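Accompanying notes for the structure given below.
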Amino acid sequence: MRLDELARRIGGEVAGDPSIEITRVVPPEEAGPGTIVVLSDPRQIPAAEAARAAVILSQDSPPTSSPGIRVRNARVAFALALRALMLQKAPPPGVHPTGILGERVHLGAGVSVGPYAVIADDVTLGDRVQVHAHAVIEDHVQIGPDCVLHPHVAIRHGCTLGARVVLQTGTVIGSDGFGYAQDGERRHIPIPQVGTVALADDVEIGANSAVDRATLGVTRIGRGSKLDNFIHIAHNVEVGEDVAMAAACFVAGSTTIGNRVLIGGSVAIGDHIKIGDDAVVLGDSAIPTDIPPGAVVAGHPAWPRMAQRRAEAAFQRLPEVVQQLRKLEQRVRQLEGG
Amino acid sequence: MRLDELARRIGGEVAGDPSIEITRVVPPEEAGPGTIVVLSDPRQIPAAEAARAAVILSQDSPPTSSPGIRVRNARVAFALALRALMLQKAPPPGVHPTGILGERVHLGAGVSVGPYAVIADDVTLGDRVQVHAHAVIEDHVQIGPDCVLHPHVAIRHGCTLGARVVLQTGTVIGSDGFGYAQDGERRHIPIPQVGTVALADDVEIGANSAVDRATLGVTRIGRGSKLDNFIHIAHNVEVGEDVAMAAACFVAGSTTIGNRVLIGGSVAIGDHIKIGDDAVVLGDSAIPTDIPPGAVVAGHPAWPRMAQRRAEAAFQRLPEVVQQLRKLEQRVRQLEGG
Amino acid sequence: MRLDELARRIGGEVAGDPSIEITRVVPPEEAGPGTIVVLSDPRQIPAAEAARAAVILSQDSPPTSSPGIRVRNARVAFALALRALMLQKAPPPGVHPTGILGERVHLGAGVSVGPYAVIADDVTLGDRVQVHAHAVIEDHVQIGPDCVLHPHVAIRHGCTLGARVVLQTGTVIGSDGFGYAQDGERRHIPIPQVGTVALADDVEIGANSAVDRATLGVTRIGRGSKLDNFIHIAHNVEVGEDVAMAAACFVAGSTTIGNRVLIGGSVAIGDHIKIGDDAVVLGDSAIPTDIPPGAVVAGHPAWPRMAQRRAEAAFQRLPEVVQQLRKLEQRVRQLEGG
């Protein structure tokens, strides 16, 4: 692709020869002729110049002798450039001879159903949906256009997916929630989980995650939210829009997470919690109580990050504090006795 | 279903017109004619009356004008009412044409084997077992009546399941335990895992969990125990009866968990630990040492809950404590100098 | 197998009758004629003698009346003896009639492809590779000899496995990394993940784990490393050789783990961290900063183990410390007033 065409696609401005051909986006250590590198730091400029690579860099970077594209947001440009130069890997449309379709299955234009995929009755797949090998879709599921279900994904009965939802391998939507009533002998009587799950447009979920169906009602994940691998979303949870949740976040039942919340990896969130819009939960935290909008929290249990950092520092001096206290007590005793 | 028939099934007493028809159990916000709501709090009564819904409520609740059912345990009644009114979703009995059965497979009455399910040799399935799409059952597995294996479940060779065991999508029973011997060059030599797994009657396990086979002997989960999603049970663990374990509990090898133990979400339990009967482990905890019967523990590492709460509070005042100590020392120095 | 043949295979020295037949390795509680038990503690000798079992024990153990094998490392001998006496469970070579092979698939000698396994185009499988039921291998994957892919494993496009790699049920290699760029409206724009994963020789990974492909470049796991169930390896992570990682370790992007590092269960490791060779991370820890070679660390966040243990002890005395401080202050006030 010509540099000027790439610039047009990623919304940047050409600097230098617009006619050079770019074939790949590469990391700085693989820079060379025909490649383009995204520079996050102006100190990387000389190496890129020496390697005769093209560059993507921020508008306010110093001038370079390399041909390049100047952009407002280098990380967004990186995403768009990769997408523009990616080899198309979409599977061919059509249903593989071993794909099984139930009754009343409506397939949009260009849908691809891979080997051994199983689609039950009363299912609708929007245009260009990709159902990869061994995915299972149960009864009464609705899937919007351009969704991608990777191998071994399962969508259990009655769940709905908006447009452009991407589910990585092994992820389950609509597993039964963990609901039991203890009887007089302290045995656990299962509460049937008869609700569903709704994933809104542009939701993406990583590998081997699970979103449980609601007991009654709907477990929801809002538009544009991105969840990583090993995410547990329990029954009746509601996740807002544009949320990002790194790997191994475990969210217990009926919790509500606001819009644009950012959650680091390995976070345990209790049940019936409310996390306000724009809150940030750092990785390795536990949330047993509500978090107000915009708060930045960390720790077990999580509290404001700066306070947590100070208390952690004090914690590491604790044995010393205990010893100081003991010495001070001796001195006071001497003063009292004197 | 008539109200009196529902009352009979859930073991409660009718109050009001026994002949009204109930079609669905709904949450309070969807209450309306023909529905029944379970009231956990008497303050919800007026809204249910206004909505002209039937109600399930505890025996000692104040009287209502709504037709209803009075019960001893409203949560158990909720479970039973949902079960009574659920649409039957059981798949039709029979083996799907693409289901593969090995040699010497014994199928009980009414067994259902879904598309692409694979059952190896010398397997016994009890009456009414449901093997859903893409489930895999290896050699020499015994499965009791009324078990349900959801899509993508795998039961590895030699494992046994009692009656009414339910396994959610993606869960593995009998994966190899994590056992290695370090040789003189500090390489890890695999120790073959030749034991099995036994799940007793009424065990239920959530999605994407794994129960490892024993090195020698049997990894066991006792009658009536309920495990949520993302549960790791390592080799040679023994879980007692009527245990409940919320999502993301990771139990290391050879640990023993007593009867009726309750474990919250995101709990790490070390190897060779004993947790006594009726203990309670709160969520977000780590268990590196034995827990006595009946104890209620929390924290990293876990210790008695009340003490943990006090220490957490003190932890959050730590920087202040350090400063007070410093000030006090100055005052003592002045006294000493005076 | 005769005792002397077993001794030859596990590299030990026979003591007593070399001609007795051994059929099984058993735990001490199942010891009996025809079995062999591995004794880790000389106090177990009398029971083994009484049971008339053969024994494997360390060279420097006291003499016994039981026939046995004396070895340098009893745990390694346990691994080797189990392997020698295991019933061969390898599936028969050949492609099951329902196995699907794409174009340009090269199968080595003795390869076994199970029911409903799906292998896409341009894939190479080395000699004796076992692809079990329902495993999925995408385009352009290279797999070395003697690898075992258990049921429901998925290897996504372009990934490579060395020799003798073992992947337990439900594990995914090459899922897309979690990479997004936030645009001006704080929406998350997906960054295509166009790298791959390389697992070196003798890597073994437990059930329901996931190793993400690199954004650009390669996510790597080094020779001989063993990972347990529920392991998350994010994009561009590099794990060294002979590493052991217990269940539920979650490693964020671009982190580097050195050779021979040992990591306990339930450990969260941040992104862009370096963990030096031979470091040890105890279970239930979080690693937000680099760890030097050889360090032994624990805690949230992790710091040197001994210091952590002292601080934990002090933490549990914290409420008492606060009270002592308060009392001491009163005494100082009295002194000052006096």
Out of all the residues in segment C:41-64, which are surrounded by 14 or more Cβ atoms within 10 Å (Cβ to Cβ), in a loop (DSSP other than H, G, I, E, B) and of a type outside the set (Val, Ile, Thr)? C:Ala51, C:Arg52, C:Ala53, C:Ser61
Within segment C:201-235, which residues are among the small types (Gly, Ala, Ser) and either buried (at least 24 other Cβ atoms within 10 Å of the Cβ) or under 14 Å from the mean Cα position of the chain (by Cα) (or both)? C:Gly206, C:Ala207, C:Ser209, C:Ala210, C:Ala214, C:Gly222, C:Gly224, C:Ser225, C:Ala234
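Which residue, of C:Ala279, C:Ala268, is out of contact with any helix residue (DSSP H, G or I) (no Cβ under 6 Å at 6 or more places or on another chain), within 20 Å of C:Ser209 (Cβ to Cβ) and either assigned by TED's automatic domain parsing to the domain that holds C:Asp228 or surrounded by fewer than 23 Cβ atoms within 10 Å (Cβ to Cβ) (or both)?
Matching residue, one of C:Ala279, C:Ala268: C:Ala268.
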When you go through (1) within 7 Å of chain B (Cβ to nearest Cβ); (2) under 31 Å from the mean Cα position of the chain (by Cα); (3) crowded, with 19+ Cβ neighbours inside 10 Å one by one for A:Leu328, which number turns out not to apply? (2)
If I go through segment B:282-315 residue by residue, how many of them are closer than 24 Å to A:Ile231 by Cα and either among the β-branched types (Val, Ile, Thr) or not assigned by TED's automatic domain parsing to the domain that holds B:Leu227 (or both)? 1
Quickly run through segment C:121-170 and pick out the residues that are among the hydrophobic types (A, V, I, L, M, F, W, C), closer than 13 Å to C:Ala198 by Cα and without any contact (Cβ under 8 Å) to a residue 24 or more places away in the chain. C:Val141, C:Ile143, C:Ile155
Can you find a residue in segment B:300-317 that is at pLDDT 90 or above and within 11 Å of chain A (Cβ to nearest Cβ)? yes
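How many residues does segment C:154-165 contain that are within 9 Å of another protein chain (Cβ to nearest Cβ) and assigned to a loop (DSSP other than H, G, I, E, B)?
Here is the first cut: in segment C:154-165, the ones within 9 Å of another protein chain (Cβ to nearest Cβ) are C:154, C:156-157.
Adding the requirement that they be assigned to a loop (DSSP other than H, G, I, E, B) leaves C:156-157.
Result for segment C:154-165: 2.
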Matching strands (runs of 3 or more DSSP E) fully within segment B:166-246 where at least 3 residues are more than 7 Å from every other protein chain (Cβ to nearest Cβ): B:196-199, B:218-221
Take the residues of segment C:57-95 that are touching a strand residue (DSSP E or B) at 6+ places or on another chain (Cβ under 6 Å) and within 22 Å of C:His152 (Cα to Cα): which is nearest to the other protein chains (Cβ to nearest Cβ)? C:Pro91
Can you pull out every residue in segment B:124-148 that is facing chain C (nearest Cβ under 10 Å) and buried (at least 21 other Cβ atoms within 10 Å of the Cβ)? B:His134, B:Ala135, B:Val136, B:Ile137, B:Glu138
How many residues does segment C:119-153 contain that are assigned to a strand (DSSP E or B), over 19 Å from B:Ile119 (Cβ atoms) and among the aliphatic types (A, V, I, L, M)? 7
I'd like the residue in segment C:192-205 that is of a type in the set (A, V, I, L, M, F, W, C) and modelled with pLDDT of 95 or more and, out of all such residues, is nearest to C:Arg156 (Cα to Cα). C:Val197
Failed item, numbered, when A:Val321 is tested on (1) more than 7 Å from every other protein chain (Cβ to nearest Cβ); (2) among the β-branched types (Val, Ile, Thr); (3) under 26 Å from B:Arg310 (Cα atoms): (1)
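Which residues, counting only those in segment B:282-291, are away from chain A (no Cβ under 11 Å) and surrounded by fewer than 22 Cβ atoms within 10 Å (Cβ to Cβ)?
B:Pro288, B:Thr289, B:Asp290
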Can you tell me which residues in segment A:287-338 are touching a strand residue (DSSP E or B) at 6+ places or on another chain (Cβ under 7 Å) and polar (S, T, N, Q)? A:Gln308, A:Gln316
Please go through (1) within 12 Å of chain C (Cβ to nearest Cβ); (2) more than 23 Å from the chain's Cα centre (by Cα); (3) surrounded by fewer than 21 Cβ atoms within 10 Å (Cβ to Cβ) for A:Leu262 and return the number of the only condition it doesn't satisfy. (2)
All but one of (1) part of a loop (DSSP other than H, G, I, E, B); (2) touching a Phe, Trp or Tyr at 6+ places or on another chain (Cβ under 8 Å) hold for C:Phe250; which doesn't? (1)
If B:Leu85 satisfies every condition in (1) at pLDDT below 90; (2) touching a Lys or Arg at 6+ places or on another chain (Cβ under 8 Å); (3) farther than 24 Å from A:Asp176 by Cβ but one, which is the exception? (3)
Counted residues in segment C:109-141 being touching a Lys or Arg at 6+ places or on another chain (Cβ under 7 Å) and closer than 14 Å to C:Ile155 by Cα come to 3
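The values are calculated or read from the model by the stated rules, or taken from the named source; none is laboratory data. The structure presented is a predicted model; accordingly, all values stated were derived computationally and were not measured. Heads up, the Cβs are rebuilt from the backbone with ideal geometry, glycines too, and the neighbour counts pull from every protein chain shown.
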